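Asks: One structure coming up, written as structure tokens, with questions to follow.
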Amino acid sequence: MFSYEEIILLSALVYIGCYCLISWRLGTWIHFATLLFGPSLLINHLLGYFNFRFFGPPPPIGATLFYYLTYDAIAIGTMIGICVFRAPNLLFLRTKTTNLRLGALPWICLVLSFLDYLPVMIKFREYLFSPREIYVQTRTGYGLYFFVSILLCNIGFILYLFKENKTKIGTIFYFSICTILLYFHGTKGSIVTLLLVYILYQVHVNRKAISLSRALTISFILSGALILLFSAFKKADNDAPLFLSIAGYADYTRNAIMVIDSPPPKYPYLGRIAFEEEVYSRIPRALMPNKPKNFGSYHLAEYYFPSWFEGDTGSPSFGIGVQYADFGPFILFILPLLYGLAAYITCGIIKLNERQRRVDLFIVMLFFAGIVIMPLGSGYLLPETLVFAYFLQKFATIRFRFGNAHAENVTSTI
């Protein structure tokens with residue numbers, strides 16, 4: 001029988017092999033699939049190992065083997081969807097109008113993002129220099145402020161990237177303002193999202209292939225940025241070394257293995273968790289005050305971490321343990337199929353985007369790449385993403401078509 005160290009090492013080798021094949025096929029070492037492979041190698045494999053090493057006890061071997069086999073199957077399914085099949089022809093999705101008349105729209109989105117979140121910043125002003133505490137305090141009842149503000153900030157940044165004749169200084173300035181605003185939201189992921197959006201814009205819109213050496217450089221820069229963010233959001237009462245604090249974020253690996261090894265009493269839920277995630281996550285608590293707190297994956301939090309759940313300070317992540325609680329060992333076949341199909345469709349979107357430079361295609365591609373633009377917390381938001389991307393593209397091409405041409409020329413260089 002393998003040890004958990006050997007299981008992690010073999011799984012990492014499978015991941016690296018699949019990623020190399022995908023990069024060879026796409027002609028660039030950073031691409032939309034990077035967001036599937038990179039975080040998994042970092043969290044599941046590297047930090048997962050240190051989590052097991054320093055936060056014992058050692059994980060059960062059988063559940064650990066199944067966990068990493070599932071992720072290897074996902075990697076192989078994604079590789080097959082990209083490398084084996086030719087990208088689908090999506091020319092039927094072509095549009096006649098693609099010229100964007102953005103004007104001041106990116107700045108308007110940024111201002112609205114600030115104004116939407118301003119009531120939260122005022123109410124919790126004593127925590128402005130400890131923004132993680134704001135995130136903890138606003139878990140319930142502040143979703144419209146929190147999610148809408150991040151959405152507007154993300155959309156503003158994407159629209160700014162599509163502006164014509166923008167300058168590098170202007171891009172850095174806009175990015176900096178977005179970063180400061182998102183910092184006060186208390187989430188590391190939102191800031192990292194902006195960096196990833198910019199990189200994928202350069203690769204899949206500007207079609208700039210990234211060599212292996214440059215990809216490694218970018219990886220080091222992103223790693224440094226993540227360490228700074230972990231340090232900035234580290235709790236003041238946490239005396240553990242920064243490295244151990246970071247390794248602690250791989251707890252969802254341990255949590256998923258815990259679910260696989262010892263499922264909850266109602267296992268399998270037969271799709272109930274997925275159904276509740278899709279339904280309740282779309283209903284704001286302001287519109288449904290009696291919305292249950294133990295919906296979807298919170299069933300697992302309530303069972304495995306009752307004190308944390310009752311404290312209403314968030315929910316531990318369970319990774320693929322959520323899908324396992326729903327469908328059991330069948331996820332070993334279901335998840336690779338779904339990931340492979342998503343990768344196959346994404347290749348078609350990228351191919352179409354090479355013909356038509358469009359905001360909506362880029363947003364849909366980001367969704368399949370795993371970048372959260374609409375941060376509702378849970379649920380598979382493909383329908384919302386498609387509708388939102390469609391109307392945003394229409395708005396960006398029609399809303400300012402009859403606007404002041406001089407104003408467009410002035411704002412396009414900011």
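Asks: Take Cys109 and tell me if it is in contact (Cβ under 8 Å) with a residue 12 or more places away in the chain, under 30 Å from Pro284 (Cα atoms), open to solvent by less than 10 Å² (accessible area, probe 1.4 Å) and in a helix (DSSP H, G or I).
Replies: In short, no.
Asks: Pairs, please: C-beta under 9 Å, at least 6 apart or cross-chain, first residue in a helix (DSSP H, G or I) and in the stretch 265-294, second among the β-branched types (Val, Ile, Thr)?
Replies: Ile273/Val322; Ala274/Val322; Glu277/Val322
Asks: Next up: Using beta carbons and a limit of 9 Å, which pairs, at least six apart or on different chains, have the first residue in the stretch 41-55 and charged (D, E, K, R) and the second one surrounded by 20 or more Cβ atoms within 10 Å (Cβ to Cβ)?
Replies: Arg53/Ala247
Here's the yes/no breakdown for (1) surrounded by 14 or more Cβ atoms within 10 Å (Cβ to Cβ); (2) at pLDDT 90 or above:
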| residue | (1), (2) |
| --- | --- |
| Ile210 | yes, yes |
| Ser213 | no, yes |
| Ile227 | no, no |
| Phe230 | yes, no |
| Leu242 | no, no |
| Gly248 | yes, no |
| Tyr252 | yes, no |
| Met258 | yes, yes |
| Asp261 | yes, yes |
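Asks: Another question, then. Across the stretch 151-176, which residue is nearest to Asp360 (Cα to Cα) among those that are surrounded by fewer than 18 Cβ atoms within 10 Å (Cβ to Cβ) and among the β-branched types (Val, Ile, Thr)?
Replies: Once the filter is applied, the top-ranked residue is Thr171.
Asks: Can you tell me which residue is nearest to the chain's Cα centre (by Cα) among those in the stretch 171-193 that are among the hydrophobic types (A, V, I, L, M, F, W, C) and more than 14 Å from Ser149 (Cα to Cα)?
Replies: Kept after step one, since they are among the hydrophobic types (A, V, I, L, M, F, W, C), are these residues of the stretch 171-193: 172-173, 175, 177-178, 180-182, 184, 191-192.
When the remaining residues are screened for being more than 14 Å from Ser149 (Cα to Cα), the result is 172-173, 175, 192.
Details: Ile172: 22, Phe173: 24, Phe175: 18, Val192: 9 Å.
Per the criteria, the residue is Val192.
Asks: Is it fair to say Val372 is within 30 Å of Asn294 (Cβ to Cβ), open to solvent by 10 Å² or more (accessible area, probe 1.4 Å) and not in a helix (DSSP H, G or I)?
Replies: yes
Asks: Identify all residues within the stretch 173-198 that are in contact with a helix residue (DSSP H, G or I) (Cβ under 9 Å, 6 or more places away or on another chain), of a type in the set (Val, Ile, Thr) and modelled with pLDDT of 90 or more; write none if there are none.
Replies: Matches in the stretch 173-198: Ile177, Thr179, Val197.
Asks: Just to be sure, is Tyr174 of a type outside the set (A, V, I, L, M, F, W, C) and in contact (Cβ under 8 Å) with a residue 12 or more places away in the chain?
Replies: Yes: the conditions hold for Tyr174.
Asks: OK, next. Of the conditions (1) more than 27 Å from Phe362 (Cβ to Cβ); (2) assigned to a loop (DSSP other than H, G, I, E, B), Arg86 clears all except one; give me its number.
Replies: In the conditions (1) more than 27 Å from Phe362 (Cβ to Cβ); (2) assigned to a loop (DSSP other than H, G, I, E, B), Arg86 misses (1) alone.
Asks: Could you grab me the full set of residues in the stretch 160-204 that are of a type in the set (Phe, Trp, Tyr) and in a helix (DSSP H, G or I)?
Replies: Filtering the stretch 160-204 down to residues of a type in the set (Phe, Trp, Tyr) leaves 160, 162, 173-175, 183-184, 198, 201.
Correct list: Tyr160, Phe173, Tyr174, Phe175, Tyr183, Tyr198, Tyr201.
Asks: Which count do you get for residues in the stretch 299-326 that are within 26 Å of Tyr339 (Cβ to Cβ), modelled with pLDDT under 80 and open to solvent by 20 Å² or more (accessible area, probe 1.4 Å)?
Replies: 1
Asks: Now for a separate question. Is it the case, given these coordinates, that Phe37 is touching a His at 6+ places or on another chain (Cβ under 8 Å), surrounded by 14 or more Cβ atoms within 10 Å (Cβ to Cβ) and at negative phi?
Replies: no
Asks: May I ask you to list the residues in the stretch 62-77 that are open to solvent by 40 Å² or more (accessible area, probe 1.4 Å) and of a type in the set (A, V, I, L, M)?
Replies: Those that are open to solvent by 40 Å² or more (accessible area, probe 1.4 Å) and of a type in the set (A, V, I, L, M): Leu65, Leu69, Ile76.
Rundown of residues vs (1) over 29 Å from Leu144 (Cβ atoms); (2) among the acidic types (Asp, Glu), yes/no style:
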position	(1), (2)
Pro265	yes, no
Glu278	no, yes
Arg285	no, no
Lys291	no, no
Ser307	no, no
Val322	no, no
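The values are calculated or read from the model by the stated rules, or taken from the named source; none is laboratory data. The model shown is predicted, which means the values in this text are computed figures rather than measured ones. As a convention, Cβ positions derive from the backbone with ideal geometry for all residues, glycine included, and neighbour counts pool all protein chains shown. Accessible surface is based on the protein model in full, side chains and every heavy atom, while ligands, DNA and RNA are left aside. Shrake-Rupley method; radii C 1.70, N 1.55, O 1.52, S 1.80 Å.
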